[in-house]
Amino acid sequence: MTDLTIRAARIQLHALIAALIVAITIAIGITTGAFVLSFAVQRDLALQAGIPQYLTWIFPAIVDGAILGATIAVVALSKIGGSATGKQFFLWLAVVVVFISVFGNAYHAHRSGQAAATTIAAGIDLGLRAAVSDRRLAHCNHSAAAGVGLHPRCRHPHQGHRHRPHRVHRGRARRPTP
């Protein structure tokens, strides 16, 4: 072997290691993002199901934890000579919890779409929904964002109702006098 071929082999090895590090970093980033988004959606589903807010983290922890554990078990058992029953158990566990996760995410997306349609039908701009702290819309947005419809104090926008800014007096919001 000449110095040139050894040098070329080292360059190829370093390039391969760099590509592997980049690919692993991207995979970890995508997996982390998907986990965080799925966790948030499943936590919201648990809240909608009536589970107290301080316990809502348990549902996504169970589902996403089962996905992680079943995936690791399937990969590990495929590399060693484990029993076929064990392999099938973890494979089916992975399939079931992934189905629960995907179905829950789809259901949440459907419900969010319905809430957005209700909000748009009420004449409220979706771009302003995120700014709930905006005092001009806070009293109308909370019920429309939940998909319930307009709050009884709020009139339909076509009836001439205009949102006026609330006056702030000593830290409290007051409604303007007509």
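The values are calculated or read from the model by the stated rules, or taken from the named source; none is laboratory data. Keep in mind that this is a model prediction, so the values were computed, not measured. Neighbour counts run over all protein chains shown; Cβ positions are idealised from the backbone, glycine included. Accessible surface areas use protein heavy atoms only, side chains included; no ligands, DNA or RNA. Shrake-Rupley method; radii C 1.70, N 1.55, O 1.52, S 1.80 Å.
Looking at the structure I just gave you, is Thr71 assigned to a helix (DSSP H, G or I), closer than 23 Å to Pro60 by Cα and within 25 Å of the chain's Cα centre (by Cα)? Against the criterion (assigned to a helix (DSSP H, G or I), closer than 23 Å to Pro60 by Cα and within 25 Å of the chain's Cα centre (by Cα)), Thr71 qualifies.
Conditions (1) in contact with a helix residue (DSSP H, G or I) (Cβ under 9 Å, 6 or more places away or on another chain); (2) of a type in the set (Val, Ile, Thr); (3) modelled with pLDDT of 50 or more; (4) open to solvent by 70 Å² or more (accessible area, probe 1.4 Å), marked per residue:
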position	(1), (2), (3), (4)
Val96	yes, yes, yes, yes
Ala106	no, no, yes, no
Leu128	yes, no, yes, yes
His139	no, no, no, no
Leu150	yes, no, no, no
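Kindly check whether there is at least one residue in region 30-41 that is over 20 Å from Leu93 (Cβ atoms), open to solvent by 50 Å² or more (accessible area, probe 1.4 Å) and touching a residue at least 24 places away in the same chain (Cβ under 8 Å). Within region 30-41, none of the residues are over 20 Å from Leu93 (Cβ atoms), open to solvent by 50 Å² or more (accessible area, probe 1.4 Å) and touching a residue at least 24 places away in the same chain (Cβ under 8 Å).
Restricting the first member to region 72-84 and to residues that are within 22 Å of Val98 (Cα to Cα) and open to solvent by 90 Å² or more (accessible area, probe 1.4 Å), and the second to residues that are of a type outside the set (Ser, Thr, Tyr) and not in a loop (DSSP other than H, G, I, E, B), the beta-carbon pairs closer than 9 Å and six or more apart or on different chains are Ile72/Phe90. Has region 9-16 got any residue that is of a type in the set (Lys, Arg) and closer than 22 Å to Val98 by Cβ? No: region 9-16 contains no residue that is of a type in the set (Lys, Arg) and closer than 22 Å to Val98 by Cβ.
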